[in-house]
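Below: the structure, in structure tokens.
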Amino acid sequence: MPVAAYLYPWDVDGDPAAADRVAALGVTEVSLAAAYHAVRAVTPFHPGHRVVTRDAAVYHRPDPARWAGAHLVPADPEPAAAGSFERAAAALRGAGLQVNAWVVVTHNGRLAAAHPECAVRNAFGDPYPWALCAGVPAVAEYAAALAAEIAALDGVTDVELEACGWYGYDHGSAHDKTGGTPPRPAGRLLDACFCDHCAATMRVAGADPGVIAAAVRAAVDGPPEVPAELAAQLAAVRTATAAGFLEYVVAAVRAVAPSRGVLVHAHPDPAEAGSNPGYQLTTLLGPAGADGIILACPGPAGPAAAQVSATVQEAATVAPGRRVVATLPAVAVLGADPGELPAKAKAVLAAGATDLRLYHAGLASAADHAVQRQVAEL
């Protein structure tokens, strides 16, 4: 049973002891960020820094020829961090660990802010400068090129795609003053995009984006209900757009790295948006889809196991043999319950999870590492 730990390149790059420290946890794999959103992170064991602040960037070395003429081009980090993915990956492989490339796709505040025409725009006309719109062709081209380039890197085993689909309102913005996401269904209505490209797609599908947007605005401000016919039209367009986006990105990876496994951070409810965007499993795990789904499993063991069990059962029906990976929060200061972690791991494995992911080895304290080691020994 594979157990992987998440890491950032800066957790390893510049720390000669990091790779062996992670290997000592007993994990067999590492999911290492190659493209990531803006973040402030702690590095409890690094000899050179304790707090790292990064804007959205890529940490591999992009090929300029691949990106020549592209509308969206991945941003490099500060010079010292350029190529840190390759350096960290080499150190981890040297410690006997499999390295998976972790790629964040549509959550990119740097590119969405610089290219508002490529950002999600809600029914009120507000752009989301942290969210690239999956319905914009230039975003699909960027996502496919990014995933393919990273998949082709030497030494990468699997490719993990996070935020590979609709990204929306629910976002931990800097100094956030919104009070979080409104209760559903109003919160989901703020995920719906009405940018020029999405509006055009609705018209092609026979829907009126102006009428739907007006209904969404009314539902956000009043009783949170959109007329059933309009809600169905919106859902159909969003589901079809997401499916096309996913299949385009996965096809790009397959074209350059057919031997790589492709895993997608996702939710089995198609209405979800965010880091784990929703997909019908027939699409996500179908012939043109991924090799597996990575499920976020926060909260107590019971609900986490129930979610895994339901997904495993549906996946067995629509796509036998696909992987169902359970990601378990494993850092106390981020809200995890370390005392529950081994029992929770056993519960999701009993529910049928094929793999475990521990979030996150680089952010973890020594006490967190001790519990992560117990999970890896199951």
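Values as computed for the structure displayed
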item	result
Tabulated pairs, region 212-232, first of a type in the set (Lys, Arg), second in a helix (DSSP H, G or I), C-beta under 9 angstrom, 6+ apart or interchain	ARG217/LEU189
Count of region 366-378 residues which are surrounded by 15 or more Cβ atoms within 10 Å (Cβ to Cβ) and under 14 Å from PHE45 (Cβ atoms)	3
Test: residue in region 152-161 that is part of a helix (DSSP H, G or I) and under 21 Å from PRO62 (Cβ atoms)	no
Residue that is touching a His at 6+ places or on another chain (Cβ under 9 Å), at pLDDT 95 or above and surrounded by 15 or more Cβ atoms within 10 Å (Cβ to Cβ), where the choices are GLY14, GLY26	GLY14
Residue check for VAL139: crowded, with 23+ Cβ neighbours inside 10 Å, within 19 Å of the chain's Cα centre (by Cα) and part of a strand (DSSP E or B)	no
Wholly within region 33-136, helices (runs of 4 or more DSSP H) carrying at least 1 residues that are touching a residue at least 12 places away in the same chain (Cβ under 8 Å), surrounded by fewer than 24 Cβ atoms within 10 Å (Cβ to Cβ) and of a type in the set (Gly, Ala, Ser)	84-94, 109-114
Check on VAL3, more than 17 Å from the chain's Cα centre (by Cα) and more than 23 Å from ALA163 (Cβ to Cβ)	yes
Which numbered condition PRO303 misses (of (1) in a helix (DSSP H, G or I); (2) over 18 Å from ALA140 (Cβ atoms); (3) in contact (Cβ under 8 Å) with a residue 12 or more places away in the chain)	(3)
Residues of region 223-270 that turn out to be surrounded by 17 or more Cβ atoms within 10 Å (Cβ to Cβ) and of a type in the set (A, V, I, L, M), as a count	17
Which listed residue is closer than 24 Å to VAL371 by Cα, aliphatic (A, V, I, L, M) and assigned to a loop (DSSP other than H, G, I, E, B), from VAL27, VAL22	VAL27
Check on ALA310, surrounded by fewer than 21 Cβ atoms within 10 Å (Cβ to Cβ) and farther than 27 Å from ARG21 by Cβ	yes
Residue match in region 32-50 (condition: more than 20 Å from ALA114 (Cα to Cα), out of contact with any Ser or Thr (no Cβ under 8 Å at 6 or more places or on another chain), basic (Lys, Arg) and at pLDDT 95 or above)	no
Flag for SER275 being on the phi < 0 side of the Ramachandran plot and more than 20 Å from the chain's Cα centre (by Cα)	no
Unique match (being touching a helix residue (DSSP H, G or I) at 6+ places or on another chain (Cβ under 9 Å) and of a type in the set (Lys, Arg)) among ARG50, ARG54	ARG54
ALA336 being farther than 20 Å from LEU161 by Cα and surrounded by 20 or more Cβ atoms within 10 Å (Cβ to Cβ)	yes
Selected residue (criterion: nearest to LEU246 (Cα to Cα)) from residues of region 276-293 that are polar (S, T, N, Q) and outside any loop (DSSP other than H, G, I, E, B)	THR283
Residues within region 7-32 that are under 26 Å from ALA56 (Cβ atoms) and among the polar types (S, T, N, Q), tallied	1
Number of the exception - TRP10 against (1) touching a Ser or Thr at 6+ places or on another chain (Cβ under 7 Å); (2) part of a loop (DSSP other than H, G, I, E, B)	(2)
Hits in region 285-339 (condition: farther than 20 Å from ASN100 by Cα and polar (S, T, N, Q))	GLN307, SER309, THR311, GLN313, THR317
Verdict on ALA273 being buried (at least 22 other Cβ atoms within 10 Å of the Cβ), hydrophobic (A, V, I, L, M, F, W, C) and assigned to a loop (DSSP other than H, G, I, E, B)	yes
Residue count, region 276-293 (criterion: closer than 18 Å to VAL312 by Cβ, out of contact with any Gly (no Cβ under 8 Å at 6 or more places or on another chain), surrounded by fewer than 24 Cβ atoms within 10 Å (Cβ to Cβ) and not polar (S, T, N, Q))	2
Test: residue in region 322-339 that is in a loop (DSSP other than H, G, I, E, B), in contact with a helix residue (DSSP H, G or I) (Cβ under 9 Å, 6 or more places away or on another chain), within 26 Å of ALA243 (Cα to Cα) and modelled with pLDDT of 95 or more	yes
Top-ranked residue in region 193-212 [being in a loop (DSSP other than H, G, I, E, B) and aliphatic (A, V, I, L, M); ranked as surrounded by the fewest Cβ atoms within 10 Å (Cβ to Cβ)]	ALA205
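The values are calculated or read from the model by the stated rules, or taken from the named source; none is laboratory data. Here the structure is a predicted model, which means the values were calculated and not measured. Neighbour counts run over all protein chains shown; Cβ positions are idealised from the backbone, glycine included.
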